[in-house]
1. Exposure proxy check: Asp78, Asp135, Asp128, Asp149 ranked by fewest other beta carbons within 10 Å?
2. Quick one: Asp115, Asp89, Asp60, fewest Cβ neighbours within 10 Å first, how do they rank?
3. Between Gly127, Ser67, Thr42, whose Cα lies farthest towards the positive end of the dipole of the stretch 31-134 when Lys and Arg beta carbons carry +1 and Asp and Glu beta carbons carry -1, centred on the Cα centre?
4. For the chain, what does -39500 (n - 2.57) per DSSP helix run (n ≥ 4), summed and divided by total residues, give at 222 nm, in deg cm²/dmol to the nearest 500?
5. Please order Thr75, Thr42, Thr114 by the number of other Cβ within 10 Å, starting at the fewest.
6. For the chain, build the charge dipole from Cβ charges (+1 Lys, Arg; -1 Asp, Glu) around the Cα centre, then report which of Ile107, His9, Val137 sits farthest towards its positive end.
7. Among the listed pairs Lys69/Lys117; Lys29/Lys108; Lys29/Lys154; Lys117/Lys154; Lys117/Lys145; Lys3/Lys108, give every one whose C-alpha distance is greater than 21 Å.
Amino acid sequence: MVKVLFVCHGNICRSPMAEFLFKDMVNKKGKSNQFIIESRATSSEEIGNPIHSGTRRILDRFNIDYSKKRASRITENDYNSFDYIIIMDEYNRINIERRIEDRYNKIKLLLDYTDLKRDISDPWYTGDFEKTYSDIVLGLNGFYKYLEDINAIK
C-alpha cells in the first residue's frame, strides 16, 4: 500500500486538486486498491472549508467527485502514517517543519518528480488555476512513473 499525502497552505486549492486528480489517475489505471491518497494544509486558516471554486471548476471538468472534502491540517500522526508527504512549494516545507520534524526525509516537492524542480504557484494569489493544473498533472505523472520505477506499484 502506497500512502500519499499532498500538502499546501490552506488545503483548498493545490493539494486537493492533486489529491483528486491522483485518485482519478490511479483509478483509471486500475490501481486504486494499492493507494491511500489524502491532502492537508500547513495552516489552520481554512480548516473545515470546502475546496476553492477555481479547483472545483477543474475537477468538475473531469467529473471528479470532491463533495465531501473539507480542509484539514497536517498532524504528527499524518507524518508517521504516510509514506510520501508531497508539498507544492518550499513555504509548505517551512510551515510543516515548524511543527513536525522531517526525521525520515519524507517531504518532497511535487515537481521534484519532474525535470522542472520548482514550486507550484498558489492560484489563490495568481488566479491562474489552469497553470496550477498543468503543473500538478506534470508532477503527478512524474510521481507515478517514479513509483513504477521503484516497483512500488504492482
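Laboratory data are not the source of any read-out in this text; all were calculated from the coordinates shown. Everything quoted here is computed from the prediction, not taken from an experiment. Backbone-built Cβ (ideal geometry, glycine too); neighbour counts: all protein chains shown.
1. Fewest-to-most ranking of Asp78, Asp135, Asp128, Asp149: Asp149, Asp128, Asp78, Asp135.
2. Asp115, Asp60, Asp89
3. About the Cα centre, the residue reaching furthest to the positive side is Ser67.
4. Using -39500 (n - 2.57) per qualifying helix, the result is -12000 deg cm²/dmol.
5. Lowest to highest Cβ neighbour count: Thr75, Thr114, Thr42.
6. Val137
7. Pairs exceeding the cut-off: Lys69/Lys117; Lys29/Lys108; Lys117/Lys154.
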